[in-house]
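Since every read-out is calculated from the coordinates, none of them should be taken as a lab result. Keep in mind that this is a model prediction, so the values were computed, not measured. Note: ideal-geometry Cβ built from the backbone for every residue, glycine included; neighbour counts use all protein chains shown.
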Amino acid sequence: DFPVYPPPASLAHLVPTLDADGLDLMQQMLQYDPAKRITAADALKHPYFDDLPQSSSQAS
């Protein structure tokens with residue numbers, strides 16, 4: 001017999017201060033299936049980061 005666990009709480013409940021874009025990014029980053037998970041390059045292009053100032057130079 002396997003134990004029965006309650007369903008996990010929603011991310012919005014776990015991180016109540018995170019806005020809709022942040023929740024969307026987090027959900028995409030936490031996908032179990034790597035084929036469905038957002039790539040690092042795509043994550044950096046996510047709307048969550050749109051209001052950050054753009055760097056004038058690339059890190060090397």
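Filtering region 1-15 down to residues that are under 14 Å from the mean Cα position of the chain (by Cα) and assigned to a loop (DSSP other than H, G, I, E, B), which residue is surrounded by the most Cβ atoms within 10 Å (Cβ to Cβ)?
Val15
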Tally of residues being exposed (fewer than 11 other Cβ atoms within 10 Å of the Cβ) and outside any loop (DSSP other than H, G, I, E, B) across region 16-41: 3
